[in-house]
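Worksheet: the structure to be examined is printed underneath.
The values are calculated or read from the model by the stated rules, or taken from the named source; none is laboratory data. Everything quoted here is computed from the prediction, not taken from an experiment. Positions of Cβ are backbone-derived with ideal geometry, glycine not excepted, and every protein chain shown enters the neighbour counts. Remember, those area values only see protein heavy atoms, side chains included, never the ligands or the DNA or RNA. Shrake-Rupley method; radii C 1.70, N 1.55, O 1.52, S 1.80 Å.
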Amino acid sequence: MTSTPATPLTAPPPLPPRRRHLAAWAVSLGLIAAAPFAWAQAGAAPSPSPSPSDRLRDTVMATERAFAKTMADRDLEAFQAFLSEETVFQGAQGPLHGPAAVVSAWRRFFEAPQAPFSWEPDQVLVMGDGHLALSAGPVRDPAGKLVGRFQSVWRQEAPGVWRIVLDMGNAACECARP
């Protein structure tokens, strides 16, 4: 049995310049056309990275949740840490100015083993300059019944440090929706 010598593999000859351009264009067009199918196969189109305002909104949302957790944890000292020195809360008897007045009025909500209410943000708006934000959401009794809504204005007092400057709650309304 005689063997023939193996022919070395060589690259095909280069395409003429015009055909090379057309070939590159066809490959590019094919990749662009196939991209949606590749994303669908992967489960979803790639999501863009969050914008700075989205990140700020998420930070304020997380800060409001941490603030609400102080009530669930029965931690009045941690509650106070979220209050700006200039904070104003609308209380039952009128506005409460400063952390000392707010803590004095809210102390009674922290005395029982179970929190008398809970809250959670469902909306956050951040101003364009990223220094003020509004959070709002439902207030619920221990059984989970909606009893009100809160609105809080947060100020970024240092990078990544948000504190409440204004807070107000309203009783739940069984209002008809237009």
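What to note about this one:
- Region 59-81, residues that are touching a residue at least 40 places away in the same chain (Cβ under 8 Å), open to solvent by less than 80 Å² (accessible area, probe 1.4 Å) and of a type in the set (D, E, K, R): Glu64, Arg74
- Number of positions in region 127-171 that are hydrophobic (A, V, I, L, M, F, W, C), open to solvent by less than 40 Å² (accessible area, probe 1.4 Å) and in contact (Cβ under 8 Å) with a residue 24 or more places away in the chain: 7
- All strands (runs of 3 or more DSSP E) inside region 117-178 with 3 or more residues being more than 19 Å from Pro95 (Cβ to Cβ) and of a type outside the set (Val, Ile, Thr): 132-140, 146-158
- Some residue of region 74-89 being closer than 16 Å to Asp167 by Cβ, modelled with pLDDT of 95 or more, assigned to a helix (DSSP H, G or I) and of a type in the set (S, T, N, Q): yes
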